1. Enumerate the calculated ³J(HN,Hα) couplings along the stretch 120-129 in order (Karplus 6.51 cos²θ - 1.76 cosθ + 1.60, θ = phi - 60°), each rounded to whole Hz, writing x wherever the residue is Gly or Pro.
2. Just need the relative contact order of the chain here, percent rounded to a whole number, with Cα pairs under 8 Å and 6+ apart.
3. Kindly identify the stretch 26-311 as rounded, prolate or oblate by the Cα gyration tensor criterion: order the square roots of the eigenvalues as a ≥ b ≥ c, call it rounded if a/c is under 1.5, otherwise compare a/b with b/c, prolate if a/b is larger, else oblate.
4. For a label point 7 angstrom out from the Cα of Ser412 toward its Cβ, which stretches of the stretch 368-389 have the backbone nitrogen within less than 13 Å?
5. Amide H to amide H, which residues 5 or more places from Thr174 or on other chains are under 5 Å from it, using H placed in the peptide plane?
6. How big is the dipole moment of the chain about its Cα centre under a simple scheme where the beta carbon of each Lys and Arg is +1, that of each Asp and Glu is -1, and everything else is neutral? Debye, nearest 20, please.
7. Order of 403-416, 114-127, 79-92 by packing, highest average Cβ count within 10 Å first?
8. Can you run phi through the Karplus equation (6.51, -1.76, 1.60; θ = phi - 60°) for the stretch 109-118 and list ³J(HN,Hα) in whole Hz, with x for Gly and Pro?
Amino acid sequence: MRRHFVRSITSIFAAIALTLSSPTVANADSRAINFEFPTYHTGSIDGQDGWAGTLGSPINPAIDQAVVTNTGYSSFGGQSWRISNAYTDGAFGDWPFSPSLVNEAGETAAQNGVVYSGGTRQNHFEVQWDFASTVPTTEQMGTDPLTGLDPLQVSTAPDRGDGARMSFIKMRDTSTGLAIDFADYQDQKPYGSESNPSAGCGPEDGFVTTTVAKNLDRTRPHTVKLTIDFIDGPRNDVVNVYVDGKFRHTGGTWEDYYRWCHESGGGTGNPAFDQSRTVDSMIFQARSGGGTCGTCRGFGFLIDNLSYVSSQSECHNGDGDADFEDQDGHKHHGHFHGNSCETQDNDESDDDDQGRHFESTSVDSSTFASDSSSETLTMVGTGLDGGLPVAFTLVVIDYGGAAPAVYNLVLSDGRTIVATLVSGTVSVK
Ligand SMILES: [Ca+2]
Ligand SMILES: [Ca+2]
Ligand SMILES: [Ca+2]
């Protein structure tokens, strides 16, 4: 009798625990990879823990990559994964893909190619990894007479498993330290549409590379993080790039490359084909277009502490990196980031007004409001205006492209900026 009672109580608690935890379990799906023994052993990563080429095919043995014993970065544990551009090519299917998540992420109608990714479609993807040079004391640079003086470079991208990259980060070595590039596909006016798909892949459109970090200390590891919100429809996916925990850039995905460009299978005018792609893993590559460093063989970058997650996001994001013009015709470069789900540590704002610079030092709150025609971000905190402490309120109103976004920065020293978007990216949602 007593046993039965205990069991009943236990099952009630189990049922409650299941109820409380099931939303998270159902909506978040993650992998965390530290390349440690015994899950990983030294040597090629091919076939280890789900790493492989497309659909489990072999990774090209010519690629210079291996799990290696750690050589001195304490946060990297006993083993890391090493990869260089001693070998490069323009292929996709035989480069290393990380293990797939159970649940893919992408727009509702994004194509997973049936076989490349699956599970329950999510609208949010995040990935983070550390990288470090195997040669912290000097720049790794090709000296091969055939390949020239090409520096070390390795790129990575969220992918469904066949090379249909939806974003892009390149890690580079330079004479002044490590650098990180981000690339997105930008459809400029005229915009592509189902009635005029070619306008989305015109001469004015293409991939845009932004250096999001440079002169990074080569003697220590650096952390890169991407957060991606996939939003149905063109020109609205949001990628935020963080380096060493600090927000660096907001941009788009490659959605409109797949949607509108013939070479990717889009631009047909048929909505069944003109769609973006899903992601569930990371592809790591050394593209020949970035240069080959023959003498980097056996060296290159160490990759470690790789983690990624797909989830269903109901967070609000306000991001901008854009030029605004006020009533007096003054140009301001505004840069801000607010997220209702993250800690405010990541939120920030700064404004450049032809010589006068405001930057936030602490954000107290980022709040969001919406109506039928606009989304509004209100950020409140403290900062420095021309080096002097001030309180600030930033209000950004995004009309979803129907009208230029409004940017209103009020500082406690009396300076007020009311301006509208002239170029760049603003997204509040
Ligand atoms: Ca490790
Ligand atoms: Ca266009
Ligand atoms: Ca979209």
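Every number in this text was worked out from the coordinates using simple rules, so none of it is lab data. Note that the coordinates shown come from a computational prediction; the quantities given were computed from them, not determined experimentally. Virtual Cβ from ideal backbone geometry, glycine too; neighbours counted across all protein chains shown.
1. These are the phi-based 3J(HN,Hα) values: 8, 5, 10, 10, 9, 9, 10, 9, 9, 8 Hz.
2. 17
3. In terms of gyration-tensor shape, prolate.
4. Only 380-385, 388-389 fall inside the zone, counting backbone N under 13 Å.
5. Residues meeting the amide H criterion: Ala179.
6. It comes to approximately 1540 debye.
7. In decreasing order of mean packing, 403-416, 114-127, 79-92 become 79-92, 114-127, 403-416.
8. 9, 4, 8, 9, x, 6, 9, 7, 8, x
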